[in-house]
Structure formats: structure tokens, C-alpha cells
Amino acid sequence: MDFAFFLIQLLNGLQYGLLLFLVASGLTLIFGIMGIVNLAHGSFYMVGAYLAWSLSSLTGSLTAAILLAVPLTVMLGMGLERLLFRHLYRRDHLYQVLLTYGLILVFEELRSVLWGDDTHGVAVPALLSYSIPLTDNLSYPVYRLAISGVCLLLAAALYFLIQKTRLGMMIRAGASNRDMVQSLGIDIKLIYTLVFALGIALAAFAGMINAPLSSVFPNMGSQVLIICFVVVVIGGIGSVKGAMVASLMIGLADTFGQVLVPEVAGMIVYVLMAVVLVWRPEGLFGRG
Amino acid sequence: MNTLPFLVAGLLALFPLVESTFYLQLLTKVLIMAIFAMSLDLLVGYTGLVSFGHAAYFGLAGYAIALMAPQYETVSLWWSLPAAMGVCAVFAFVIGTLVLRTRGIYFIMVTLAFSQMLFFIFHDTKIGGGSDGIYIYAKPSMNLGDVQLLNLEKLENFYWLVLVLTVAVYLLLHRVLGSTFGRALLGIKVNEHRMRALGFPVFRYQLASFTFSGALAGMAGYLAAAQYGFVNPEILSWHQSGAVLMMVILGGMGTLYGSVIGAFAFVLLQEVLSNQAWFGIAAKHWQLAMGIFIMLVALYLPQGLAGLLQRFGRKPVVEVADE
């Protein structure tokens, strides 16, 4: 493996990992703060991708589609939190699993009714659709670099929001003691709605920006969901830092696995998870 | 134990006299799913472990029979059923030692992830014919020496075999759950720390339950694969895990007969909703109605149909799950 090839795989792995982080951070936040296990999280990734496809074919531009779709997914998240998830906070995980499993079926069928069962491609924005040449016959697409950059920006913004702002302080306080926060006069219900909508929007956004690379197809959410479960288990539930480390680990392991040992590549992430479970059952950054 | 289960089983045994084709096959499927649901109820309802990857064992046994059977000949039920269940037990034991290190939400995610691992193994490699799956051309044989005891190619014979096994699993689980072992499992479900303080080897009890449950799920998977004559990776997809969990909850977890009721209700509902003659174009999208139904059950019927029966004072539910 020469250097240019290695560099390409490295960049691909990082880009995949950063994308996983967007989905997994929402999952881990929603669990860590609200105690909800959300199986339907992958469905929002799918919704994002399909919105990007249908709106970009309407407007003719992916950027416009994303600008339109993000507020839509935020509203979807807030609406669902008010309608459904709010009733589950104090219930057993079992019922959360069941409810969100039902939600997956509903989303998949609505997708089939509204958008059909075909696979669709989404065009890369013209501004970003060129490649940087690395050697005579190898080059790297700028769009992938742009995705990585956007994901890094969002990760930094998320860190700033949670660690440095007053709202972030309330969110963290709400995670450790809901009743205390409420009795201090903070509207915890509103905070929960916001966190949920944020998590949903992150997952949907990941689906939107990845749509040109992955294309848009039925059941695309469940694949991402399972990998994100692995990420959350490795990183530790509720830990955004853990989600970042684990996402990059999985992204790199999977990408290099596909290249170096393609026969067993599908297994690698699960083996990684098994090792972490033996070594640190609460995850790398979990509160053991 | 009262006589009602025997009465129901007796009535079910007479069913092939009434109907011998489509509905008999449907009822066979219901009973197989009932075994599957009871095996999961042992975990969810009695041990307090919410597994979202139970299809792994169901599917593994299906693949076990497909791979053990010679291509165009029958395989003997006598050794292939125990072998398939054995494979599942070993797999459940290994997975169990890993997943039982986690609790609650981790447990849900990890069981799901490991079952997906199995899904991808069968989906991506050539072991089981990849995503196309494998055919099982002949039903297993039940011979004693050279004499054929039961020809399982006949629908009613296969149905009776499944019925006998369903009753056997019910009685076995009933027995096990009434024993000291079963009582200890319930104790662990309610308060793990207390049971540990009392000196019970909690991990070993849970692992035993997990392994046993995997083997029983294997029995169901073996029968399902034999019935359809076909396995593909869908048999261990997470939709299968979701469906069986739904049956357990719908029937009422922590009550063995609830799992049987749940399997009946779920399979019949699936048949009704996807009936094109009744629902026309909507039948194509029956999963939408099913999804809404599942959500309603999760929100408004946490104790399932058995809980409803109990509320009307028909029959006391043995153990009601705590929240």
C-alpha cells in the first residue's frame, strides 16, 4: 500500500467516522439526558436523505434542499417529542423499544407510500464536485473533505453548546437530576423537547449531506442505526466525547478492514465491540 | 396448573379434521411462533433481560437444519433437532457471557448488535447461500429403525408434531419456572442486588436462562425452516426480533400462556392486515397499520392481553411484570 492510497483510505475512514458521530451523538444525548432508547433514530437519517433527494430535485440545488429540510426535521423532532416520546420518560426501556420499533415500521411504510421503493442518486453541489489530484491516477473528491469539515464544525459547536453555554449547563443539570432542575424554575420539558429535536436534526442532517455519496434507498436507516448502537456501546452511553472517539475508531476500522481483509470486514466492528465489552462493559467513557 | 391448557391443546389437535390446507399451515406457523415467544418470555418476563436479538437463535437453527440436510434427501429429526438446538445453546452461551456483562439499555443494544453480526455473516458470505438463502427440499424424517413413524410431508402430521412440541415446551417451562431455579430467576428480575446478597450466583443463573432460551428459540427456528423449506438471512433480521418481542408484550409478559395468545393475535393480525381482498391497496402497506398498532400497545396496553383478561377477573396472571 503506497502512501497516496493509504491517505485516501485514511481520509475515507475519518469522513465515515465523523458522519457516524453526527448520528451517534444524537442517540447518546437522547439516551444520556432523557433516558430514552430510540430505535427509530436511523429512520430520521433516512428521512433526511429522502428530503435531500426530493427537495434537491425540486429546487435543483442540494444546498437549498438542506436549508429547507433542516427546519422541517427540527419541527418533526419537536412534534414527535410532544406527541409520543414525552409519555415514555418514566416507562420501562422495554416499552420505549416497542414504541420506537413501531415508529420504524410507520416511517418505512410512509417512505414507501410517499417516495416509492426505488434507489435514487443525488448530485454533488457544482461548487464541490471536483477532485484534488494526489498522484497520476489517484485523486480525492473535495465533497468528502467538505463533509468531514462540516462534521468537525458541528462537533465543535456541540461541544461549545453543552460545555460552555447556559443552556448546555441546564441540559447537563437536567441529565443528572430532573426534579431538582425543575424546582429551580427551569422549564425542563422545553429543554427535553429541544435536546430531542437537536438529536433528530443531527441524524437527519447526516443523511442529507451523505445522500450524494451513499445514494438514497429503502431501509438505509437500519444499517446506520446498528453501527451507531455499536458506537454508543463502545463510547459509553451518554458520553459525547465517547461517541466521537468510538465513531472514529469504527470509521477507520471498517474502512481499512474493507481494504485489507475484505472477507471478514463485516465482522470487525462487532469484534471490536466484544473486546470493549470484555474489557470495559460500561464503554470507554461510560460512567461505570 | 389447571386443565385449561390441556383442553385448548385437545381442541387444537382436532383442527386438521376441520381444515387441512391454508389455515392448517397458518396455525402451524402460529404454534411455532408460540414456542419462539415462550422462549423469549423466559428472558423478558421471568429473568428481566430484554433481548432484542432473539431472532439470532431462531435463524441459526434454521440455517443449521438447512446445512445439515443432504441436498435432496431427508435428514433424521432424531439427531438434527437436538443438534440444531445444541448449536443455538452453544452460541447463546458464548454471546451470553459477553452480553450479560451489561444491563438495561446496553443489553438491548448489544443483543441487537450481535444478532446483526450473525445476519451479516449469513448475508455477506457464501456459507448459507448469501442473501439468496438455501432450500430445504425435504421435511425431516421420523423413522424407528426402518419403519417410518410419521410422514412429516403430510401437513397434518407436521402440525401434530409442532403441537406436541408446543405443549411440551409449555409444560417444561412451567415446570422449570415453578422450581427453585425459576423462583430465583424471578428474584433476580425483581432485585438483582438482593439476590446477590443472599448468595445466589446471579450471573450463572442468568447465563443458564439465556442459554436455555436460545436453545428453545432454536427449536422454533428449526421447525419454521422445515415448514417453509427455505431459509434466507431475513429469518434472523431484527424485524423478526421485533416481531417476537411484540408477541410477548401483546400477550402479556411473565405469563407463559400470554406468549401463546400473543403469537396467535400477532400472526392473525398480520394475515388480516395484509389481506388484499379486504383492504385492497392498503394491504400492500400493512406494516403501517401494524406499526401504529404496536405503538398503541406500547402506550396503552403494557400488560398485554393477559393483563386485560386479569382485569376482567377471568384468570389470575401468575406473575405481573413490574415497571
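Each value in this text was obtained by applying a stated rule to the coordinates, not by laboratory testing. Bear in mind the structure is a predicted one, so any value in this text is a computation, not a measurement. Neighbour counts run over all protein chains shown; Cβ positions are idealised from the backbone, glycine included.
Tell me, how many Å apart are the Cα centres for segment A:186-216 and for segment B:241-276? Here the answer is 33 Å between Cα centres. Karplus-based coupling profile of segment B:177-183, in residue order and whole Hz: 6, x, 7, 4, 4, x, 5, with θ = phi - 60° in 6.51 cos²θ - 1.76 cosθ + 1.60 and x standing for Gly or Pro. The H on the amide N of B:LEU149, modeled in the peptide plane, is under 5 Å from the matching H of B:MET142, B:ASN143, B:LEU144, each at least 5 residues off or on a different chain. Karplus-derived 3J(HN,Hα) values for segment B:157-171, using 6.51 cos²θ - 1.76 cosθ + 1.60 with θ = phi - 60°, are 5, 4, 4, 5, 4, 4, 4, 4, 5, 4, 4, 4, 5, 4, 5 Hz; glycine and proline are entered as x.
Provide the percentage of antiparallel DSSP beta bridges, counting only those with both residues in the protein assembly as shown; round to the nearest 5.
Details: 9 of 10 bridges.
Once the DSSP bridges in the protein assembly as shown are tallied, antiparallel ones form about 90 percent.
Top mean-square fluctuation among B:SER115, B:SER76, B:SER209, Gaussian network model of chain B, C-alpha springs under 10 Å? Comparing B:SER115, B:SER76, B:SER209 in the GNM, the peak value goes to B:SER76. Only lysines eight or more places from B:LYS139 in sequence, or on another chain, were considered; those with a Cα closer than 25 Å are B:LYS29, B:LYS126, B:LYS154. What angle, in degrees between 0 and 90 and rounded to the nearest 10, separates the Cα long axis of helix A:3-34 from the longest principal axis of the Cα atoms of chain A? With both axes taken from Cα atoms, the answer is about 10 degrees. Build a GNM of chain A with springs between Cα atoms under 10 Å: which of A:SER54, A:SER129, A:SER148 gets the top mean-square fluctuation? Maximum among the listed residues: A:SER129.
Would segment B:1-103 count as rounded, prolate or oblate if I go by the C-alpha gyration tensor, calling it rounded below 1.5 in a/c and otherwise prolate when a/b exceeds b/c, oblate otherwise?
It comes out oblate by the Cα gyration axes.
Comparing B:GLY178, B:PRO140, B:ILE127 along the charge dipole axis of segment B:102-191, the residue lying farthest to the positive side is B:GLY178, per the Cβ-charge model.
Computed over segment A:161-288, relative contact order equals 19 percent, with contacts defined as Cα pairs under 8 Å that lie 6+ residues apart. Dividing the summed helix terms, -39500 (n - 2.57) for each DSSP H run of n ≥ 4, by the number of residues in the protein assembly as shown produces a 222 nm estimate of -23500 deg cm²/dmol to the nearest 500. Which of B:LEU60, B:LEU177, B:LEU43 ends up with the largest GNM mean-square fluctuation for chain B, with Cα atoms connected below 10 Å? For chain B, modelled as a Gaussian network with Cα springs under 10 Å, the answer is B:LEU177. Counting other Cβ atoms within 10 Å as a rough exposure proxy, the listed residues A:TRP115, B:TRP238, B:TRP78 run B:TRP78, A:TRP115, B:TRP238 from fewest neighbours to most.
Cut-off is 10 Å between beta-carbons; in what order do B:TRP286, B:TRP79 appear when sorted fewest neighbours first? Before the final figure, lay out the partial values.
Numbers: B:TRP286 20, B:TRP79 12.
In order of increasing Cβ crowding within 10 Å: B:TRP79, B:TRP286.
Taken about its Cα centre, the protein assembly as shown carries a charge dipole of about 1900 debye when Lys and Arg each add +1 at the Cβ and Asp and Glu each add -1 at the Cβ. Segment B:11-84 and segment A:73-123 have their alpha-carbon centroids 31 Å apart. Cross-link partners of B:LYS189 among aspartates and glutamates, defined as those whose alpha carbon lies under 20 angstrom from its own and excluding same-chain residues fewer than eight positions apart: A:ASP92, B:ASP41, B:GLU319, B:ASP322, B:GLU323. Here the relative contact order of segment B:4-236, from alpha carbon pairs under 8 Å that lie six or more residues apart, stands at 41 percent. Annotation: amide H-H contacts under 5 Å for B:ILE136 (H modelled 1.01 Å from N, sequence separation of 5 or more, or interchain): B:PHE230, B:VAL231. The angle between the Cα long axis of helix A:166-176 and the main principal axis of chain A comes to about 70°, on a 0 to 90 degree scale. Applied to segment B:37-50, the Karplus parametrisation 6.51 cos²θ - 1.76 cosθ + 1.60 on θ = phi - 60° returns per-residue 3J(HN,Hα) values of 5, 5, 5, 6, 4, 3, 7, 6, x, 10, 10, x, 10, 8 Hz, with x for Gly and Pro. Amide H contacts of A:LEU284: A:GLY235, A:GLY236, each under 5 Å away and 5 or more positions distant or on a separate chain (H built 1.01 Å from N in the peptide plane; Pro and chain starts excluded). Ordered by the count of other Cβ atoms within 10 Å of each Cβ, fewest first, A:TYR101, B:TYR23 give B:TYR23, A:TYR101. With a ≥ b ≥ c the root eigenvalues of the C-alpha gyration tensor of chain B, is it rounded (a/c under 1.5), prolate (a/b larger than b/c) or oblate? In terms of gyration-tensor shape, rounded.
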